[in-house]
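Since every read-out is calculated from the coordinates, none of them should be taken as a lab result. Keep in mind that this is a model prediction, so the values were computed, not measured. Backbone-built Cβ (ideal geometry, glycine too); neighbour counts: all protein chains shown.
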Amino acid sequence: MDLLNALNELEELIESSSKIPMTRKVLIDEDKVLDLLDHIRTTLPEEIRQAKWIIQERDKVLNDSQKEAMRIMEDAQKQVEKQADDSEIVRQAKKVAEEIVHRAESVAREIKEGARGYADDILANLEDNLGTILRQIEQGRTELRK
């Protein structure tokens with residue numbers, strides 16, 4: 001049972017509980033609610049671990065793209081040095097090297113932006129889910145206090 005299932009079960013428990021006439025209050029099985037809250041508490045760390053894993057993967061992708069960009073730049077530099085004999089060849093090699101570096105930097109930038117956007121989307125989704133969970137827990141606790 002994952003976090004959302006536990007929350008759905010808590011919501012169903014509240015909705016299916018006996019209602020006190022003339023009020024918005026319900027009678028809830030305390031043990032069931034406490035069991036569900038315990039399960040939610042144990043599930044939250046897993047969600048957080050997943051978010052950390054996503055961030056680590058994003059960093060890995062960024063590092064790999066930077067290494068690839070450096071490798072491409074080194075390859076371009078070697079290519080330029082090999083063709084240094086003739087000035088026309090040197091001029092053309094510099095142009096090709098600059099294009100390769102520009103493309104490598106562009107690819108690295110796109111990968112980096114994509115990874116950041118993906119990680120941000122995942123973290124925003126997690127933040128929304130956690131906010132929803134927190135609100136539902138607060139509502140449940142408020143209902144329990146009444």
Hey, what number do you get for the chain at 222 nm if only DSSP H runs of n ≥ 4 count, each worth -39500 (n - 2.57), divided across all residues, to the nearest 500?
-32000 deg cm²/dmol
Testing the spin-label approximation: label points 7 Å from Cα along Cα→Cβ at D120 and E57. State their distance in nm.
1.9
Return the lysines within reach of K67: Cα separation strictly under 25 angstrom, same-chain partners fewer than 8 residues apart disregarded; answer none if there are no such residues.
K52, K78, K82, K94, K95, K112
Environment charge of Q139, counting only residues whose C-beta is closer than 14 Å and scoring Lys/Arg +1, Asp/Glu -1:
+2
So which trypsin sites (Lys or Arg not before Pro) in the stretch 1-94 are both in a DSSP loop and have at most 11 other Cβ atoms within 10 Å of their Cβ?
R24
